[in-house]
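Novice: Just passing along the structure, written as structure tokens.
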Amino acid sequence: MNSLTLFDTMARRKRDFEPTDPDRVTMYVCGPTVYSYAHIGNARPAVVFDTLFRVLRRLYGEEQVIYARNITDVDDKIIEAARESGQPIDEITTHYADIYRADMGALGVTLPTIEPHATDHIPEMIGMVQNLVYGGHAYEADGHVLFDVSSYEKYGRLSNRDLDEMIAGARVEVASYKRSPADFVLWKPAKDDEPGWDSPWGRGRPGWHLECSAMTEKHLGKTIDIHGGGTDLVFPHHENEIAQSVCAHKGAPMANYWLHNGFLTMGSDKMSKSLGNVQLVHELIKDYPGEVLRYALLTAHYRAPLTWTADLLAKTRRSLDRVYGVLRRLGDVEAMEGDVPAAFLEALHDDLNTPKALSELFQLAGNANKAVSDIEKSKAKGELLAAAGLLGLGQSDPDAWFGLTDLDPAERARIDELITRRQTAREEKDWPTADAVRDELNALKVQVDDGPEGSTWRKLD
């Protein structure tokens with residue numbers, strides 16, 4: 001088994017991944033708050049951790065990896081959306097949860113093993129709060145129950161900042177009932193027009209941080225292998241999760257590895273509604289195949305910032321055209337069933353180095369394109385498909401990718417013949433003939449792209 005290394009935010013270094021139980025590898029990733037459409041920044045952790053899910057399943061077995069990604073379906077933003085629309089909250093959350101799954105599915109994101117909803121785990125949350133109160137880590141004040149940050153001496157270890165620095169750098173709610181500004185809400189009273197549940201502290205609802213700790217414990221255990229999310233969740237969300245979980249479980253760590261993906265920016269700016277630069281996945285998939293968006297999200301290392309531009313998407317599409325062009329040329333070749341090549345795996349096993357893995361993918365595409373014998377073609381095609389599949393790519397039919405499935409066979413044969421003539425002319429440096437053939441192709445509304453693996457084409461509308 002090839003070793004896997006992952007950058008642990010808590011340790012601030014790459015570590016060899018060693019699950020507590022290789023027969024039950026556990027991963028929890030913070031999922032969506034379902035009150036609106038997901039933007040492309042929301043898709044980055046979904047794609048990153050889906051890729052890790054694929055790698056883990058290949059290493060340990062599909063049935064041995066348990067991946068939980070939650071749905072937050074009770075939240076201030078959800079309540080506000082219900083007030084503005086006049087719709088019941090459960091209709092809003094069900095609607096947008098379904099859209100989220102479909103939109104992420106279009107990007108090749110497989111469903112997690114478990115998808116717990118916050119509102120299905122209120123008893124577990126109340127139980128955890130009671131445990132914290134009894135243990136002296138939480139207190140009731142003015143109808144709220146708050147976690148006493150001073151009761152957990154390691155608070156701030158994940159974000160590597162002292163308490164004063166964290167308070168100054170974050171939007172911490174200041175309230176008269178708090179013993180300290182850093183104390184955070186575990187349970188709060190619900191207004192008459194808000195969803196609420198009966199509890200020992202009156203009718204109320206959970207604080208945001210509580211749900212992940214309670215659902216992780218129920219479905220995966222007190223200590224899990226991997227906890228993931230965006231870097232914006234390090235503080236306060238994950239810091240608070242750790243504090244409440246560790247204190248509720250008598251010092252047991254919440255997770256052995258903490259992974260965080262970097263921000264996605266629009267040019268030099270972080271994507272935000274206030275800047276008007278939010279791009280929704282739901283809209284992007286109308287203009288681009290989902291694999292183009294997925295590939296684009298994998299072009300930078302997951303821990304690094306990623307700049308999202310139209311130029312990135314254009315380059316991504318051309319790159320995938322090269323892969324699908326090779327697969328199309330090998331359309332009649334039956335792929336040999338085989339393993340993912342070692343160099344490709346080495347890249348992914350090095351803290352999910354997807355830029356290097358993509359580079360290796362094009363080496364495989366080049367090998368497949370240069371293969372001569374039937375056996376060489378079959379083996380090369382099998383390796384290319386296996387490697388692409390581990391990244392969630394190469395899942396479309398090549399003809400469908402290029403929009404050729406509905407093309408008249410006679411017209412398609414004519415275009416293929418013109419492409420071959422042009423390629424021959426280019427190889428012989430007969431530029432007048434190549435240009436003349438290109439003019440014929442333009443007249444037929446055929447877009448030709450030249451690459452190292454040869455020319456690909458698609459019919460324009």
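Novice: Considering only the range 88-105, state which residues are open to solvent by 20 Å² or more (accessible area, probe 1.4 Å) and farther than 13 Å from residue 38 by Cα.
Specialist: 88, 89, 90, 91, 94
Novice: Now for a different question. Residues of the range 411-437 being assigned to a helix (DSSP H, G or I) and open to solvent by 70 Å² or more (accessible area, probe 1.4 Å), which ones?
Specialist: If we filter the range 411-437 for residues that are assigned to a helix (DSSP H, G or I), which is where we start, we get 411-427, 431-437.
Those that are assigned to a helix (DSSP H, G or I) and open to solvent by 70 Å² or more (accessible area, probe 1.4 Å): 414, 417, 420, 421, 426, 427, 431, 432, 435.
Novice: Could you figure out which of (1) crowded, with 19+ Cβ neighbours inside 10 Å; (2) over 23 Å from the mean Cα position of the chain (by Cα) isn't true of residue 212?
Specialist: It fails just one condition, (2).
Novice: Something else now. In this structure, does residue 384 turn out to be touching a helix residue (DSSP H, G or I) at 6+ places or on another chain (Cβ under 6 Å), closer than 21 Å to residue 332 by Cβ and not in a loop (DSSP other than H, G, I, E, B)? Outline the logic, then answer.
Specialist: Numbers: touching a helix residue (DSSP H, G or I) at 6+ places or on another chain (Cβ under 6 Å): yes; closer than 21 Å to residue 332 by Cβ: yes; not in a loop (DSSP other than H, G, I, E, B): yes.
Considered against the rule, which asks whether it is touching a helix residue (DSSP H, G or I) at 6+ places or on another chain (Cβ under 6 Å), closer than 21 Å to residue 332 by Cβ and not in a loop (DSSP other than H, G, I, E, B), residue 384 comes out as yes.
Novice: Hey, another quick one. With the condition being touching a residue at least 60 places away in the same chain (Cβ under 8 Å) and open to solvent by less than 40 Å² (accessible area, probe 1.4 Å), I'd like the strands (runs of 3 or more DSSP E) fully within the range 1-65 carrying at least 2 qualifying residues. Break it down into steps so the answer makes sense when it comes.
Specialist: On the way: elements: 5-8, 13-16, 25-29.
Where strands (runs of 3 or more DSSP E) fall fully within the range 1-65 and carry at least 2 residues being touching a residue at least 60 places away in the same chain (Cβ under 8 Å) and open to solvent by less than 40 Å² (accessible area, probe 1.4 Å), they are 5-8, 25-29.
To keep it simple, each residue is scored yes or no on (1) aliphatic (A, V, I, L, M); (2) in contact with a Ser or Thr (Cβ under 7 Å, 6 or more places away or on another chain); (3) within 21 Å of residue 233 (Cα to Cα).
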site	(1), (2), (3)
100	no, no, yes
116	no, no, yes
122	yes, no, no
142	no, no, no
162	no, no, yes
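Novice: Checking the structure you have, find out if any residue of the range 118-136 is touching a residue at least 60 places away in the same chain (Cβ under 8 Å), closer than 20 Å to residue 68 by Cβ and either polar (S, T, N, Q) or surrounded by fewer than 14 Cβ atoms within 10 Å (Cβ to Cβ) (or both).
Specialist: Yes, the range 118-136 contains at least one residue that is touching a residue at least 60 places away in the same chain (Cβ under 8 Å), closer than 20 Å to residue 68 by Cβ and either polar (S, T, N, Q) or surrounded by fewer than 14 Cβ atoms within 10 Å (Cβ to Cβ) (or both).
Novice: Which numbered condition in (1) at pLDDT 95 or above; (2) part of a helix (DSSP H, G or I) is the only one that residue 399 fails?
Specialist: The single condition residue 399 does not satisfy is (1).
Novice: Going by the structure shown, is residue 226 among the aliphatic types (A, V, I, L, M) and assigned to a helix (DSSP H, G or I)? Talk me through it step by step, then tell me what you get.
Specialist: Numbers: among the aliphatic types (A, V, I, L, M): yes; assigned to a helix (DSSP H, G or I): no.
Here the answer is no, as residue 226 does not meet what is asked.
Novice: Say we look at the range 66-76 and pick out the residues that are in a strand (DSSP E or B), within 14 Å of the chain's Cα centre (by Cα) and not basic (Lys, Arg); which of these is farthest from residue 89 (Cα to Cα)? Explain how you work it out, then say what you get.
Specialist: Within the range 66-76, the subset in a strand (DSSP E or B) is 66-69, 71-72.
In the following step, the residues that additionally are within 14 Å of the chain's Cα centre (by Cα) were identified as 67-69.
Pick out the ones that are also not basic (Lys, Arg) and you get 67-68.
Values: 67: 27, 68: 23 Å.
Here the residue is 67.
Novice: Ok, one more. Can you confirm whether the range 77-86 contains a residue that is under 12 Å from the mean Cα position of the chain (by Cα) and open to solvent by 10 Å² or more (accessible area, probe 1.4 Å)? Spell out how you get there, then give the answer.
Specialist: Applying the first criterion (under 12 Å from the mean Cα position of the chain (by Cα)) to the range 77-86 yields none.
The answer is no; no qualifying residue exists.
Novice: Quick check on residue 202: is it in a loop (DSSP other than H, G, I, E, B) and either surrounded by 20 or more Cβ atoms within 10 Å (Cβ to Cβ) or among the β-branched types (Val, Ile, Thr) (or both)?
Specialist: On the way: in a loop (DSSP other than H, G, I, E, B): yes; either surrounded by 20 or more Cβ atoms within 10 Å (Cβ to Cβ) or among the β-branched types (Val, Ile, Thr) (or both): no.
When the stated conditions are applied, residue 202 does not pass them.
The values are calculated or read from the model by the stated rules, or taken from the named source; none is laboratory data. All figures in this text were calculated on a predicted structure; none of them were measured in a lab. Here Cβ is always computed from backbone atoms with ideal geometry, including for glycine, and neighbour counts include all displayed protein chains. Heavy atoms of the whole protein, side chains included, go into the accessibility calculation; ligands, DNA and RNA do not. Shrake-Rupley method; radii C 1.70, N 1.55, O 1.52, S 1.80 Å.
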